[in-house]
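Each value in this text was obtained by applying a stated rule to the coordinates, not by laboratory testing. Here the structure is a predicted model, which is why all the values come from computation and not from measurement. Heads up, the Cβs are rebuilt from the backbone with ideal geometry, glycines too, and the neighbour counts pull from every protein chain shown.
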Amino acid sequence: MRAAPATPLLLLAVLALGACSTTGLPASFADPVENAQASTTLYDFEFRCAYANGDFFRISGETRWIDDADGYRSRIVRLSKGRKAVAQHWIEEINKRIPDGAYQERPWVVCSGGGAEIELRFMDRSNGTVAGLPRVMFTLHSDGTLEFRD
């Protein structure tokens, strides 16, 4: 039995694939360039410290597009040390310090004693870098209380 030559088979495969790709997609299919900007970003960061008890810090938040002059709204929705969530009134105090129109960058955490120093940074939307200011800085103490440093 003689094997079929490879070149004609390869040519047929290319033509068949070409025919499939030229059938086109519906006109309503989104162009990848269009609608590329996310309207909501949800995040959940976990930071582990080298404590003997293996505690970790978890920061959860969201940034949403709000259709007004300021654009984005960022806020923290949950902050915890280990399995214990920080009291809601502390979350509200953090969110009061986040400026309107801010697009949050990932939180920065430095383990400190039994707690952590946390810094919320925001993007400079004019050039896509992390802005020097404003920032929200606070210390989360081992007892679950916060001390603001900004």
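Using C-alpha pairs under 8 Å with a sequence gap of at least 6, the mean separation divided by the residue count of region 40-148 gives a relative contact order of 18 percent. Using 0.36 nm per residue and subtracting the Cα-Cα separation, the extra length available between Arg64 and Arg135 on full extension is 23.7 nm.
Could you give the length gained by full extension between Asn127 and Leu42, i.e. 0.36 nm per residue of separation minus their alpha carbon distance, to one decimal place? Gain on stretching Asn127 to Leu42: 28.4 nm. Annotation for Glu92 and Glu147: the two label points, set 7 Å from Cα along the Cα-Cβ direction, are 2.4 nm apart.
Once both labels are positioned 7 Å from their Cα atoms along Cα-to-Cβ, the gap between Arg83 and Ser112 label points is 2.8 nm. Evaluating 6.51 cos²θ - 1.76 cosθ + 1.60 at θ = phi - 60° for every residue in region 104-109, the Karplus couplings come out as 6, 8, 4, x, 10, 10 Hz, glycine and proline recorded as x.
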